[in-house]
Amino acid sequence: MSPESDLGRNNTAFSELLDRSMPADPEAIGEVVDAISETLARLEVPEQKRFEVALAVQEALANAVVHGCGNDPSKQIRCRVNTDPRGRIVITVTDPGPGFDLDRLPDPKQRENLHADHGRGVYLIRQLMDEVQFEKNGNEIKMWKY
Amino acid sequence: MGPAVDGLRQTMEEALGSGDTRMVLNLAEVSMIDSSGIGLLVRFLASAKQRGGNIKLVQPNKFAIQTLKLVGVLNLFEIFDNDDAAVESFV
């Protein structure tokens with residue numbers, strides 16, 4: 001099955017599906033995730049893919065709230081959802097923070113990290129999405145679902 | 001992350017604080033577990049086990065199971081189809 005056929009009929013041209021800004025408040029995350037899930041459901045994206053995208057977005061927004069904005073609700077996070085010309089879903093989350101060093105992230109599946117209470121977000125994003133890029137020193141994440 | 005995780009954290013802290021180290025968590029109504037929820041579960045699982053207890057999960061949906069598996073912690077937990085079986089497993 002081609003990537004395009006996975007996304008239903010409305011997928012042949014580059015298009016913006018959603019562009020939301022939210023305060024850096026954990027309680028604002030759910031509304032954005034729900035809006036993305038509803039948008040993908042309208043495009044007839046299968047449930048498994050909707051779940052994977054929703055969890056990846058949840059993790060990216062949570063990272064932006066905590067690490068990008070220091071839990072400061074006066075700061076804003078932007079989340080955009082597009083389809084590219086090949087019909088792939090592209091999600092971009094941008095925060096105003098200083099970014100971070102990807103090389104310093106722990107491997108959450110190492111034995112000594114299994115009981116850690118943090119450090120799984122970026123790992124999960126990479127497992128759930130087909131392609132992930134960090135830009136602007138890490139304060140912008142771009143994620144593709146084919 | 002957010003109110004749901006905060007509520008669970010408070011409940012589990014209170015339970016552990018009052019000496020209840022054997023817990024059953026029914027996840028039937030949980031549509032998604034994120035990394036903060038997983039972090040909470042494994043941290044309290046370690047605390048409970050250190051005190052001779054355990055945390056057992058009931059009816060996690062397929063997405064919760066997938067997520068726990070993805071990060072390598074699924075096999076830390078015992079999973080049951082219903083509350084009674086989970087409670088009886090402590091006996």
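Data for the structure
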item: Lone unmet requirement of (1) at pLDDT below 95; (2) surrounded by fewer than 17 Cβ atoms within 10 Å (Cβ to Cβ); (3) in contact with a Ser or Thr (Cβ under 9 Å, 6 or more places away or on another chain) for B:E78; result: (1)
item: Condition broken by B:F44, with the remaining ones in (1) surrounded by fewer than 17 Cβ atoms within 10 Å (Cβ to Cβ); (2) assigned to a helix (DSSP H, G or I); (3) touching a strand residue (DSSP E or B) at 6+ places or on another chain (Cβ under 8 Å) satisfied; result: (1)
item: Residues satisfying the stated conditions in segment A:117-128, i.e. more than 7 Å from every other protein chain (Cβ to nearest Cβ) and free of Cβ contacts under 8 Å to residues at least 24 places away in the same chain; result: A:G119, A:R126
item: A:V65 being without any contact (Cβ under 8 Å) to a residue 60 or more places away in the chain and crowded, with 16+ Cβ neighbours inside 10 Å; result: yes
item: Some residue of segment B:58-74 being under 12 Å from the mean Cα position of the chain (by Cα), assigned to a strand (DSSP E or B) and surrounded by fewer than 17 Cβ atoms within 10 Å (Cβ to Cβ); result: no
item: Number of the exception - A:N71 against (1) without any contact (Cβ under 8 Å) to a residue 24 or more places away in the chain; (2) of a type outside the set (A, V, I, L, M, F, W, C); (3) surrounded by fewer than 18 Cβ atoms within 10 Å (Cβ to Cβ); (4) within 14 Å of another protein chain (Cβ to nearest Cβ); result: (1)
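Yes/no per residue for (1) modelled with pLDDT of 95 or more; (2) in contact with a strand residue (DSSP E or B) (Cβ under 8 Å, 6 or more places away or on another chain); (3) among the β-branched types (V, I, T); (4) within 17 Å of B:V30 (Cα to Cα):
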| position | (1), (2), (3), (4) |
| --- | --- |
| A:Q48 | yes, no, no, yes |
| A:L61 | yes, yes, no, no |
| A:D72 | yes, no, no, no |
| A:I77 | yes, yes, yes, no |
| A:R80 | yes, yes, no, no |
| A:R86 | no, no, no, no |
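The values are calculated or read from the model by the stated rules, or taken from the named source; none is laboratory data. Just so you know, these numbers come straight off a predicted model, no measurement behind them. Cβ atoms come from the backbone with ideal geometry, glycine included; neighbour counts cover every protein chain shown.
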